[in-house]
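These notes concern the structure reproduced below.
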Amino acid sequence: MSLDIIALGTVPAGEAPAGASESDYVGRAFWQCRRFIYLLRHTVGAEPEGAKLRVRRTGPDFDPYLEVVVEFDEVNRAARAYANRCAGEAPTRWDGTATTSRPFPVIAGKTG
């Protein structure tokens with residue numbers, strides 16, 4: 001299996017991500033990434049075999065940066081098509097489902 005990755009960002013393109021200078025950036029950015037993954041799955045659909053949405057963190061040589069990526073097996077036609085759909089059809093704004101549903105734990109002391 002030959003894996004490829006497409007970076008999708010931390011949040012939908014029309015939304016403001018947590019800033020690296022904010023207090024608890026990592027916690028806020030992780031929460032935003034999880035919301036974005038949920039929105040992608042709601043909009044584009046669940047990952048087929050050979051594709052996976054996940055949160056990626058930069059290496060220790062850089063300031064921490066979190067983003068959503070789609071990993072996919074480039075020889076798997078369905079996985080490659082899904083990854084391209086995530087990149088090309090990702091919502092640009094949060095929708096009511098992603099804003100109000102919480103399929104993952106809320107970080108204590110955080111709102112929004």
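The values are calculated or read from the model by the stated rules, or taken from the named source; none is laboratory data. Here the structure is a predicted model, which is why all the values come from computation and not from measurement. Heavy atoms of the whole protein, side chains included, go into the accessibility calculation; ligands, DNA and RNA do not. Shrake-Rupley method; radii C 1.70, N 1.55, O 1.52, S 1.80 Å.
Here the accessible area is traced with a 1.4 Å probe on the protein chains. For segment 1-93, carbon and sulfur cover 50 percent of it. Checking the a/c ratio against 1.5 first, then a/b against b/c, what shape does the Cα gyration tensor give for segment 44-90? Verdict is prolate for segment 44-90. Phi-derived couplings, Karplus 6.51 cos²θ - 1.76 cosθ + 1.60 at θ = phi - 60°, listed residue by residue for segment 48-58: x, 4, x, 10, 8, 7, 7, 8, 10, 10, 5 Hz, with x used for Gly and Pro. Once a ≥ b ≥ c are taken as the square roots of the eigenvalues of the Cα gyration tensor of segment 3-66, is the result rounded (a/c under 1.5), prolate (a/b larger than b/c) or oblate (a/b not larger than b/c)? Oblate, because a/c is 1.5 or more while a/b does not exceed b/c.
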